[in-house]
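The values are calculated or read from the model by the stated rules, or taken from the named source; none is laboratory data. Computed from a predicted model, the values in this text were never measured in an experiment. Counting neighbours? That spans all protein chains shown, and the Cβs are built from the backbone with ideal geometry, glycine included.
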Amino acid sequence: MASTATEKKKYTYEDYLKTPDDVRYELIEGDLLMTPSPVTKHQRILRELGFELLSFVRVKDLGEIFLAPFDVHLDNENVVEPDILFISKQRLHIIGEKNVQGPPDLVIEILSESTANRDLVQKKRLYAKFGVKEYWIVIPGEEIVEIYTLKDALYVLCKSFGKENAIESPLLKGLKIDLKKIF
C-alpha cells in the first residue's frame, strides 16, 4: 500500500539521536516532540524534591535517583526525559552509560503549561504500558502531588497530597517529605 501525504512519519531512536544537543526532545509512540526549558518554579520544585528523594535513597541504600535531562529508552519509538526517576538497587543493571534501558521503578513529572497534556495523558499511558510501578504528578499551580500506583497495567490514584501534607510513597517505605519544603 502506498503512503499518502496525510500519513505522519514515525521516528525511531536513531532519528532521536540525530536531534540537536541544544534542544530537548522526547520520542513518544514514534512522535518526535520538542520539550521547552522549564520555568523557575518548576526548577525549584525539581531541585528540592530531587534533594529530598536523593537524601532518603542514599541513607537507605535503595538505588539511584536521576534528574532531567536524562534519557529513558523504553523501546525504539519511546524515549522520554522524566523530571525525576528512581531505579531500585535490584534493577541498577538497566542504567547504561548514555541512558536508562527500560522502565524506572518510579517516575515523577512536574507539570508545566507546555507539557501538562503530555504528562497527564501520553506519558502516563506510556509509563503504565512499560510497567513503571509508581508515577507522581506534581501540580505546581495547585501545590499538589498525586501518587499513582500500577494495578493491572493501569494507574490508580493512591493518594493526593497538598502543601500542608507530607508525601508518603507506597514504593519507598518510610519516605516522608514535607511539601512545605517543596512548594
Residues that are more than 21 Å from GLY102 (Cβ to Cβ), surrounded by fewer than 16 Cβ atoms within 10 Å (Cβ to Cβ) and among the acidic types (Asp, Glu), drawn from the stretch 129-169: GLU142, GLU164, GLU168
Counted residues, the stretch 100-125 - those being part of a loop (DSSP other than H, G, I, E, B) and of a type in the set (Asp, Glu): 2
Count of residues meeting criterion [in contact with a helix residue (DSSP H, G or I) (Cβ under 9 Å, 6 or more places away or on another chain) and either of a type in the set (S, T, N, Q) or without any contact (Cβ under 8 Å) to a residue 12 or more places away in the chain (or both)] in the stretch 154-168: 1
Every pair of residues 6+ apart whose Cβ atoms lie under 8 Å, when the first sits in the stretch 64-85 and is touching a residue at least 40 places away in the same chain (Cβ under 8 Å) while the second is among the polar types (S, T, N, Q) and in a strand (DSSP E or B): HIS73/GLN101; GLU81/THR35
So ILE177, is it of a type outside the set (Ser, Thr, Tyr), touching a strand residue (DSSP E or B) at 6+ places or on another chain (Cβ under 6 Å), under 23 Å from ASP61 (Cα atoms) and at pLDDT 95 or above: yes
Filtered residue count, the stretch 115-140, keeping only those that are out of contact with any strand residue (DSSP E or B) (no Cβ under 8 Å at 6 or more places or on another chain) and at pLDDT below 95: 3
